[in-house]
Amino acid sequence: MSTRASLRPAASRPASRPAGDRRPAAGGRPWPVLELDAVTKNYPSRPPVTALRGVSFAVAPGELLAIVGPSGSGKSTLLHLMGTLDRPSTGTVRVTGLDVAALSDRELSALRADSIGFVFQQFFLAEHATALDNVADGLLYAGVALAERRYRAAEALGWVGLGQKLAARPTQLSGGERQRVAIARALAGRPAIVLADEPTGSLDSATGSALLDLLEELNTEGATIIVITHDHAIAARMPRQIQMLDGRIVTDTTRTQAGPPTSSVPARTADPDSAGHDGQPSSRAEHRP
Ligand code: ADP
């Protein structure tokens, strides 16, 4: 597939920059598509829970990374914040350079529709609709006209190897094919970021492995992909791994071109509250390398 140009989002830069300005940011690095700075998230439950405790990282266009951690480490909370489905308690989340705290709900919905593609473990496909319509309907909120939606949907299904199955309904597709439809739906709007939450969780290991191959291929063709997983074997396949524990980043590791050994960036911990859920200081941050 010759998708290299088409998978790269049209505007992988902050909206405040002039159109066509593709100069690298200061320091020679590309502008991040996603930036979290000292992010905390508290849930006002009884007892209150601090789910994120000063999380900071940035994702450059074209990265493929895993956010990995055990149950309760804060991955879902982080997914909601990265996906602009929720706002942080303190700290800053920027998507394509835009501070989500400064946006109205309507602006946030527009940013989400334009810039973020979601892939979930459960696929969430409409059973009565064809693969083509499942993908095309994902572009409704981006305000794309029907003919264009269908054209882009067919193109995206081609990217994931389902160009011959446009008219198939989900019940006529295997689990792996259904997840490919979900990936096509996420990619059809050429989002700045694809967030894949346990994308292989419903698949057998061979199908799951093939799906990871596909994500790697789509990444080499320009898509920026963040995989959220509890599975260290999946995370180990990714060029970059961010490990979470108790609401903190404990390691942020990027594999060098030649493969192992790895270069490890110490996790930044702007931690305004070092107390654990039980009010005791947490020593887990010592897991840092
Ligand atoms: P993970 O996805 O890694 O399992 P979560 O982000 O779901 O982690 O949870 C992090 C912590 O926040 C856990 O202690 C969890 O019980 C708590 N939590 C998550 N959502 C809520 C909520 N809506 N209200 C209260 N506590 C929550």
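Separation between the His230 and Ser45 pseudo-spin-labels, each 7 Å from Cα along Cα→Cβ, expressed in nm?
For His230 paired with Ser45, the spin-label model returns 1.5 nm.
Find the relative contact order for segment 177-259 and round it to a whole percent, using C-alpha pairs within less than 8 Å whose residues are 6+ positions apart. Spell out each step's value before the answer.
Details: 63 pairs, mean separation 19.0, N = 83.
Answer for segment 177-259 is 23 percent.
Taking θ = phi - 60°, what integer Hz values does the Karplus form 6.51 cos²θ - 1.76 cosθ + 1.60 yield along segment 237-243, in sequence order, with x for Gly and Pro?
7, 8, x, 9, 10, 10, 9
Residue separation times 0.36 nm, minus the C-alpha to C-alpha distance between Asp137 and Glu107: what's the value? Please report the intermediate quantities before stating the final value.
Numbers: separation 30, 0.36 × 30 = 10.80 nm, distance 2.03 nm.
Value of the extension gain: 8.8 nm.
Can you work out ³J(HN,Hα) from phi for every residue in segment 224-230, in order, using Karplus 6.51 cos²θ - 1.76 cosθ + 1.60 and θ = phi - 60°, giving whole Hz and x for Gly and Pro?
Per-residue couplings from phi come out as 8, 10, 10, 9, 9, 8, 9 Hz.
Would you grab the residues whose amide H sits under 5 Å from the one on Val227? Only those 5+ places off in sequence or on another chain, please, with H modelled 1.01 Å from N.
For Val227, whose amide H was placed from the backbone, the distant partners under 5 Å are Leu65, Ala66, Ile67, Ala196.
For segment 151-161, what does the Karplus curve 6.51 cos²θ - 1.76 cosθ + 1.60, with θ = phi - 60°, yield as ³J(HN,Hα) per residue in whole Hz, taken in order and with x for Gly and Pro?
In residue order, the calculated couplings are 4, 5, 5, 5, 4, 5, 5, x, 4, 9, x Hz.
Collect residues whose amide H, placed 1.01 Å from N in the peptide plane, falls under 5 Å from the amide H of Val49; neighbours closer than 5 in sequence don't count.
Answer set, sorted by chain and number: Tyr43.
Going by average Cβ neighbours within 10 Å, how do the peptides 233-246, 186-199, 121-134 rank, with the highest at the top? Present the calculation step by step, with values, prior to reporting the outcome.
Numbers: 233-246: 20.1, 186-199: 23.9, 121-134: 16.7.
Per-residue Cβ counts within 10 Å, averaged per peptide and sorted highest first, yield 186-199, 233-246, 121-134.
Taking +1 at the Cβ of each Lys and Arg and -1 at the Cβ of each Asp and Glu, which of Ile228, Ser202, Gly175 sits farthest along the dipole of segment 145-264 towards its positive end, judged by Cα position relative to the Cα centre?
Gly175
So who's got an amide H within less than 5 Å of the one on Gly91, skipping anything under 5 residues away but keeping other chains? H placed 1.01 Å off N, in plane.
Thr40
Every number in this text was worked out from the coordinates using simple rules, so none of it is lab data. Fair warning: this is a prediction, and the values are worked out from it, not measured in the lab. Glycine also receives a Cβ, built like all others from the backbone with ideal geometry; neighbour counts cover every protein chain displayed.
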